[in-house]
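Undergrad: Handing you a structure now.
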C-alpha cells in the first residue's frame, strides 16, 4: 500500500466510526476517574480526519493551469 492509500484507509475508518456513533450515540462516561465527553470525542475524531486530509493533500498538490485568451 502507498502512503496515500494508508491515509485514505484511516480517513475511511474514522468516518465509519463517526457514522456508527451517530446511528447509535453513546453517553458520556467516567472510567478510572477520567471522564469522556462524547461530544468532545466526536470533535477530536473530526480534527483527526481534517488533519489526515490536509496531509494527503500535501502529497498531491493542486496543479493550476491557465490559458491566455487571444481574441
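Undergrad: Would you confirm whether or not segment 19-34 contains a residue that is out of contact with any strand residue (DSSP E or B) (no Cβ under 9 Å at 6 or more places or on another chain), surrounded by fewer than 10 Cβ atoms within 10 Å (Cβ to Cβ) and part of a helix (DSSP H, G or I)?
TA: Scanning segment 19-34 turns up at least one residue that is out of contact with any strand residue (DSSP E or B) (no Cβ under 9 Å at 6 or more places or on another chain), surrounded by fewer than 10 Cβ atoms within 10 Å (Cβ to Cβ) and part of a helix (DSSP H, G or I).
Undergrad: Show the residue pairs meeting these rules: Cβ distance below 6 Å; 6+ apart or different chains; first residue within segment 1-27 and farther than 14 Å from residue 56 by Cβ; second residue surrounded by 11 or more Cβ atoms within 10 Å (Cβ to Cβ) and at pLDDT below 95.
TA: Pairs that qualify, where the first residue is farther than 14 Å from residue 56 by Cβ and the partner is surrounded by 11 or more Cβ atoms within 10 Å (Cβ to Cβ) and at pLDDT below 95, are 26/38.
Undergrad: Scan segment 35-71 for residues that are under 28 Å from residue 2 (Cα atoms), free of Cβ contacts under 8 Å to residues at least 24 places away in the same chain and part of a loop (DSSP other than H, G, I, E, B) and jot them down.
TA: Matches in segment 35-71: 61, 62, 63, 64, 65.
The values are calculated or read from the model by the stated rules, or taken from the named source; none is laboratory data. These numbers were taken from a predicted model, which means no experiment stands behind them. Neighbour counts are summed over all protein chains in view; Cβ atoms, including those assigned to glycine, are modelled from backbone coordinates with ideal geometry.
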